[in-house]
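J.: Mind having a look at this structure? Questions to follow.
The values are calculated or read from the model by the stated rules, or taken from the named source; none is laboratory data. What you are looking at is a predicted structure, and each value in this text was computed from that prediction instead of being measured. Ideal geometry is used to build each Cβ from the backbone, glycine not excepted, and the neighbour counts take in all protein chains shown. All accessible areas refer to the heavy atoms of the entire protein, side chains included, with ligands and DNA or RNA removed. Shrake-Rupley method; radii C 1.70, N 1.55, O 1.52, S 1.80 Å.
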Amino acid sequence: MTSELFIKQNIFLEDNKIILSDDFLSFLKSKITDERRYNHSLSVALLCYEVAKANKLENPLLYYFAGVIHDVGKNFDKIKGEEVIDKYYHEYIDYPKYAYHQFIGEYILMHDLTIFDNDVLNAVKYHCTGRKLMSPIEKIIYACDKIDPLRGFDSSSLIKAMKDDWKSGFKVVLKANYDYLLSKVKLKNDLNGIFNELSAECFKYYLGIERRKELN
Ligand SMILES: [Fe+2]
Ligand SMILES: [Fe+2]
């Protein structure tokens, strides 16, 4: 089905409050079993919705939906998850394991919710790594995921940047995330986390940052 139809049946706006259907709530709880991750999902969803509204984008509930579902692959069974990657996403098998959940998320959306329109699928599929040529919804989900107030750092200026203008805000958040990942790379020497092909292309395309320069 389309995301639009799914939203019509499962996500309602009542008195400026967003209400989820019982079916969708229990689906989310069955997939996102970790309580912190569950709260993060609701928090990201609300932020996506607020950013869409502040920027006067059409259909802000679509951003809520993509936000609330973005980590649906996170608690997937490890062994089964590796099988899914091997079978359906083989080209990404050498990606860092923590990025697997973005592909598994897309798989769950297609197989469990029968969602087949690209907007939400791609927003989930690339929310962890980013990529070049991202759609508006991909950028907003990527950014809001990184600046969720529940992440435990002061992201208020980044949230403001997204609400003021999501296009320039995205680049500000992307750069902040790049710096954060780079500090992790230096600590752990985990080059694949920041310079896997999708992320490297994203940083190059949007920030003009090449891998070699930063590592010298
Ligand atoms: Fe994620
Ligand atoms: Fe997330």
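J.: When the chain is fully extended, how far beyond the present Cα-Cα distance does N16 get from L181, taking 0.36 nm per residue of separation?
T.: Numbers: separation 165, 0.36 × 165 = 59.40 nm, distance 3.64 nm.
So the extension gain works out to 55.8 nm.
J.: Which value in nm describes the separation of the simple spin-label points at H111 and K80, placed 7 Å from the Cα toward the beta carbon?
T.: My value for the distance between the label points is 0.7 nm.
J.: If you count only protein heavy atoms with a 1.4 Å probe, what accessible area per residue comes out for the range 92-216, rounded to a whole Å²?
T.: Here the per-residue accessible area is 48 Å².
J.: So who's got an amide H within less than 5 Å of the one on N75, skipping anything under 5 residues away but keeping other chains? H placed 1.01 Å off N, in plane.
T.: Here the answer is T33, since their amide H atoms fall under 5 Å of that of N75.
J.: A follow-up question, please. Could you estimate the translational diffusion coefficient of the range 1-147 from the Stokes-Einstein equation, with Rh from the Kirkwood formula over C-alpha pairs, at 4 °C and 1.567 mPa s, in whole µm²/s?
T.: My calculation gives 85 µm²/s for D.
J.: Hey, can you rank 54-63, 14-23, 91-100 by average C-beta count inside 10 Å, highest first?
T.: 54-63, 91-100, 14-23
J.: Next question. State the Cα centre-to-centre distance between the range 1-76 and the range 144-216 in whole Å.
T.: 24
J.: Going 7 Å from the Cα of K56 along its beta-carbon direction, which residues of the range 137-159 have the amide nitrogen within less than 20 Å of the resulting point?
T.: 137, 140
J.: Could I ask something else about it? Across the range 58-216, how large is the tail of the calculated P(r) beyond 26 Å, expressed as a percent of all Cα pairs?
T.: Looking at the range 58-216, the distances longer than 26 Å represent 26 percent of pairs.
J.: Based on the Cβ-Cβ distance of D190 and S168, what FRET efficiency does E = 1/(1 + (r/R0)^6) give at R0 = 22 Å, to the nearest 0.05?
T.: After rounding to 0.05, the efficiency reads 0.15.
J.: Which distance in nm do the two modelled labels at L150 and K8 give, with both placed 7 Å along the Cα-to-Cβ direction?
T.: So the label points at L150 and K8 sit 3.0 nm apart.
J.: Using 0.36 nm per residue, how much length does the chain from N118 to E201 gain when fully extended, once their Cα-Cα distance is taken away?
T.: Extra length available between N118 and E201 comes to 27.9 nm.
J.: Give me the percent of the accessible area of the range 124-190 that comes from carbon and sulfur atoms, probe 1.4 Å, all protein chains in place.
T.: The value for the range 124-190 is 55 percent carbon and sulfur by accessible area.
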